[in-house]
1. Of (1) outside any strand (DSSP E or B); (2) in contact with a strand residue (DSSP E or B) (Cβ under 6 Å, 6 or more places away or on another chain); (3) open to solvent by 30 Å² or more (accessible area, probe 1.4 Å), R573 satisfies all except one. Which?
2. Whether any residue in segment 37-53 is part of a loop (DSSP other than H, G, I, E, B) and touching a Phe, Trp or Tyr at 6+ places or on another chain (Cβ under 7 Å) is what I want to check.
3. Quick one: E654 ticks every box in (1) among the acidic types (D, E); (2) touching a residue at least 24 places away in the same chain (Cβ under 8 Å); (3) under 23 Å from P133 (Cα atoms) bar one, so which box is it?
4. When the residues of segment 226-241 are narrowed to those that are open to solvent by 60 Å² or more (accessible area, probe 1.4 Å) and away from the ligand (no atom under 16 Å from the Cβ), which ends up farthest from K189 (Cα to Cα)?
5. Looking only at segment 246-258, which residues are open to solvent by 60 Å² or more (accessible area, probe 1.4 Å) and more than 16 Å from the ligand (Cβ to nearest atom)?
6. Taking segment 610-659 only, how many residues are buried (at least 16 other Cβ atoms within 10 Å of the Cβ), assigned to a loop (DSSP other than H, G, I, E, B) and out of contact with any Phe, Trp or Tyr (no Cβ under 7 Å at 6 or more places or on another chain)?
7. Name the single residue that is surrounded by the most Cβ atoms within 10 Å (Cβ to Cβ) among those in segment 129-174 being among the acidic types (D, E) and within 16 Å of the ligand (Cβ to nearest atom).
8. Taking the condition modelled with pLDDT of 95 or more, open to solvent by less than 70 Å² (accessible area, probe 1.4 Å) and over 22 Å from the mean Cα position of the chain (by Cα), does V321 pass?
Amino acid sequence: MTQPIEARVEDLLSRLSLEEKVALVHADSKFTTAAIPRLGIPKRWLSDGPHGVRQEVGPDTWKPAGRTDDFATAMPCGIALAATWNPDLAQAEGAVIGEEALARGKHIMLGPGVNIMRTPLCGRNFEYFGEDPFLASRIAVGYIRGQQSQGVASCVKHLAANNQELERMTINVEMDERTLREIYLPAFKAAVEEAGVYTVMGAYNRFRGQFCSHNDYLLNNILKGEWNFQGLVVSDWAAVHDTREASLCGLDLEMGTDKPYDEFFLGRPFREAVQGGDIALSVLDDKVRRNLRVMIGTGLLEGRPPGSLNTKKHQATARRVAEEAMVLLKNDDGALPLDPSRIKSLAVIGENATRLHAHGGDSSGIKAFYEIAPLEGILQRAGSQVNVTYSVGYGSDTGNDAIERAVQAAKAADVVVFVGGLNHDSNSDVEGSDRLDMKLPYRQDELIQRIVEANPRTIVVLIAGSPVEMGAWLERVPAVLLAWYGGMEGGNALARILFGDVNPSGKLPCTFPKRLADSPAHSLNAYPGTNGTVRYEEGLLVGYRWFDTKNIEPLFSFGHGLSYTRFEYSNLRLSPGAAEFDVVNVGEHEGGEVAQLYVHDAHPRLARPDKELKGFRKIFLKPGEKQRVSIPLDQGSFAFYDSDRRAWVAEPGEFTILVGSSSRDIRLQDKFTLRRPSS
Ligand code: GLC
């Protein structure tokens, strides 16, 4: 135990036989690798997912094992965590999932997922951290630091460019080098260089013609070369296709292949290639070193702490993430918060008021200890004071009578809370398929119009993990709250926000377009690709980078989120190392604000987006309280990737620093001259 890790790695390596070495680089069940009792190496357990510890399956099938000891705390979905814009909270969430992984005996947790939202339609947008690489990086680093602090390895996924589910196992992604470096790699780079992530998962898709789980350029040149990654690369499940490529192009652990375990590409065929001298023993030894390094680094060979499950702390963290994630998109005339002392009757309408979501989504689904649905949360919070009714209104089989009943319920109540949105059904927010459009399903648009016509005091709550169109009813609805998939405490968090116990502080981690055609990949007809290849024609202009540069008005902008109070910004002062400014809470509610800093390059040598997020700070202020905020500026704040020099460069020149409450609600700005760094 006292020996340094590398010495222990070399010692174990020297004592492993060839067969034992090969056994460590491929699975021996759906989620394990073989034990080597002779050397005290136990069976190693991997587990999904980013929202908590998945239920037990298998061991050799995806079917649930039907256990009663595999419940877990279900955190809100990944994009909800990003919507908190709170890296410290991401760290707390990572630590909770790490503690539960210890309790469930897991060594590698398969999260966070950090793939950039390139299209609103990607089925896994709900699992990831939105459209901006800087925000995704900060949330990923926090999450991984928290999880690995518990002695559990994180696995940042899916490297790289797994931005659609359509044809995900085969699609070939083509993009220019700047786009790769500035948009699709930063969160992985930060995970490796800032958080010291132990493992990285190769994606299913091809990148520039080669499968990502054994991709020479991504894994050998960039990840292990430029970034000096010392951990292990695990394949996505059934993402390996060739022994020679898997051996030589950066893969260290093969999982999920549809073959008998010893027949995996890194099983017998690999062993025979080494024995026959086709592949050097050093290639195998490097993979084994990386596996041993992660095993030893995460205490696999020693006793690990017992961890814990479903504690009050875990529940409180789940609720806090859900609360800080919710985004108040619209709130005219103080429609929210609701005052239970001034409401006699409240009609809750919509299938998502009672539908449970934590178990859905496929690999990120959780068998939750419990899940508080919105209606339950509202009843618990306001039930005794207010007469709460419920009407389903819509569902996968919306009939006219359901709509009529809902309209009657709306008419009879003082206030209506409509809870709609999406779910984890096929072609909605779910792994393995993409959405077919950005519309609300099941005739919700029609229903909302009818409800608000019957009762203008209608609050719309959206349970979803990706952008939806709202044009059919938004103007007529006084308030809209985006609640995401809120995990097992979601209903309690929602009720506390609706009744003002908590002030919403979430900000959009993605642009909500008015219509799908305004979105870059769709405007350029660059999704889902043709003949097995998708070309990222929009390049750097993903999300707000597109809308701002092309001057297209979104429905709601990146970074947008209202509050029950108001914040004022003043006294911006720029220095070479920081942007400083005051923020004061000028309203009556205590609340959180995310001050955002964007950089605009006035005369870029190469084309650049109109502005780029380069800093943010979440602060909490009581009414009347003022805080001086400082956001650091460094070379990275001004740099872009120069493909010719194969390097990030910050070139002297004129910039504008923009500070605001969203990407389009800029409160302060000033010019900034970047001078040549003193040699
Ligand atoms: C799935 C997912 C990946 C998950 C793995 C194991 O197909 O792409 O995110 O961790 O396989 O379930």
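1. Only one criterion is unmet by R573, namely (1).
2. Within segment 37-53, the first condition is being part of a loop (DSSP other than H, G, I, E, B), and the residues that meet it are 40, 42-43, 48-53.
From what is left, the residues that are touching a Phe, Trp or Tyr at 6+ places or on another chain (Cβ under 7 Å) are none.
No, segment 37-53 has no match at all.
3. (3)
4. Here is the first cut: in segment 226-241, the ones open to solvent by 60 Å² or more (accessible area, probe 1.4 Å) are 226, 228, 230, 241.
Retained after the next criterion (residues that are away from the ligand (no atom under 16 Å from the Cβ)): 226, 228, 230.
Values: E226: 10, N228: 10, Q230: 13 Å.
The residue in question is Q230.
5. Residues of segment 246-258 open to solvent by 60 Å² or more (accessible area, probe 1.4 Å): 248, 258.
Once the filter is applied, which keeps residues that are open to solvent by 60 Å² or more (accessible area, probe 1.4 Å) and more than 16 Å from the ligand (Cβ to nearest atom), segment 246-258 yields only L248.
6. Residues in segment 610-659 being buried (at least 16 other Cβ atoms within 10 Å of the Cβ), assigned to a loop (DSSP other than H, G, I, E, B) and out of contact with any Phe, Trp or Tyr (no Cβ under 7 Å at 6 or more places or on another chain): 2 in total.
7. The initial filter retains those residues of segment 129-174 that are among the acidic types (D, E), namely 131-132, 165, 167, 174.
Pick out the ones that are also within 16 Å of the ligand (Cβ to nearest atom) and you get 165, 167.
Values: E165: 23, E167: 16.
The selected residue is E165.
8. Details: modelled with pLDDT of 95 or more: yes; open to solvent by less than 70 Å² (accessible area, probe 1.4 Å): yes; over 22 Å from the mean Cα position of the chain (by Cα): no.
Taking the combined requirement at face value, the residue does not satisfy it.
The values are calculated or read from the model by the stated rules, or taken from the named source; none is laboratory data. Since this is a predicted model, take the numbers as computed values, not measurements. Please note: Cβ atoms are built from the backbone with ideal geometry, for glycine as well, and neighbour counts cover all protein chains shown. Please note that ligands, DNA and RNA were not included when accessible areas were found on the heavy atoms of the full protein model with its side chains. Shrake-Rupley method; radii C 1.70, N 1.55, O 1.52, S 1.80 Å.
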